[in-house]
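All remarks here apply to the structure that follows.
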Amino acid sequence: MTVTHRVQAERFGAFKNALKERGLKSTSQRDDIARVFFASNRHISVEELYREVRKINPRVGYATVYRTVRLLRECGLAAERHFHDGEARFENVEEELHHDHLICERCGRIVEFSNSEIEELQERVAHKLDFVISGHKMELYGICGECRTGRAPRRAGRGEPHVYRT
C-alpha cells in the first residue's frame, strides 16, 4: 500500500469513527463521497465533487454530497476556502501542515506552498504590534507561468498534489 493510499484509508477511517461518535449511519453514498474527496488532490467545489462521485455512483444526489462535505468539515477532515471567485472549495485537512496559496487569475490553478521565513516574519510583525496570532490564511493572486508563456493552461481549480516548501 502506497503512502497516499494509507493516508486516504486513515482519513476514511477517521470519517467512519466521526460518524459513529455522532450517532450517524455509514451509508454507501457517504462512503463513496468521502472516498472521492480523500482521493482528490485539489481544492474541489461541491459541484465538482458531485460530478466525480456520480461517475462511480449515479444514485448520489447533490444534497447528499453537500451534507457529507459539511460533515467532513465539522469533523475537521475538510477545510472550506473561498478564493477570489467566491465559490466555496474544500481541501483535505492534514494535521500540522499549514500552507498558503498562489491562485492564477486566468486558469484558476491553485498552488499550495509553505515558507518558514514568511511564517517567522508574520510572528515578528505580530509581536512588534503586540498581537497574538490565532491563525491566518494567505492567498496570493497573479498569473501562473503556463498562462504567461501561452502554454496550455491547466483545468480551472486544479491544485497541486502537495505543498511546495520554499
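Taken together, the values in this text are just the output of simple stated rules run on the coordinates, not laboratory data. Just so it is clear, the structure is predicted and the values come from calculations on it, not from any experiment. When we count neighbours, we look across all protein chains shown, and the Cβ atoms used for this are built from the backbone with ideal geometry, even at glycine.
Can you give the direction-averaged projected area of the convex hull of the alpha-carbon atoms in segment 3-92, in nm²? That works out to 5.6 nm², a quarter of the Cα hull's surface.
In order along segment 73-82, the phi-based Karplus estimate (6.51 cos²θ - 1.76 cosθ + 1.60, θ = phi - 60°) of 3J(HN,Hα) comes to 5, 4, 7, x, 9, 9, 10, 8, 10, 10 Hz; Gly and Pro are listed as x.
Run the paramagnetic zone check for residue 87: 7 angstrom along Cα to Cβ, then residues of segment 41-64 with backbone nitrogen under 12 Å. Under cut-off, by backbone N: 43-51.
Modelled spin labels at residue 80 and residue 149, positioned 7 Å past Cα toward Cβ, are 3.8 nm from each other. Relative to the longest principal axis of the Cα atoms of the chain, helix 3-21 runs at roughly 60 degrees.
Could you tell me the ratio Rg/Rh of the chain? Both radii from Cα atoms, Rh via Kirkwood.
On the way: Rg = 17.6 Å, Rh = 17.5 Å.
Over the Cα atoms of the chain, Rg/Rh equals 1.01.
Note on the chain: antiparallel DSSP beta bridges, both residues inside, total approximately 60 percent of the bridges counted. Derived scalar couplings between HN and Hα for segment 138-144 equal 10, 10, 10, 9, x, 10, 5 Hz in order, rounded to whole Hz, by the Karplus curve 6.51 cos²θ - 1.76 cosθ + 1.60 (θ = phi - 60°), x for Gly and Pro.
Determine the calculated [θ] at 222 nm for the chain from helices alone, applying -39500 (n - 2.57) to every DSSP H run no shorter than 4 residues and normalising by the residue count; nearest 500 deg cm²/dmol.
After summing the helix terms and dividing by residue count, I get -13500 deg cm²/dmol.
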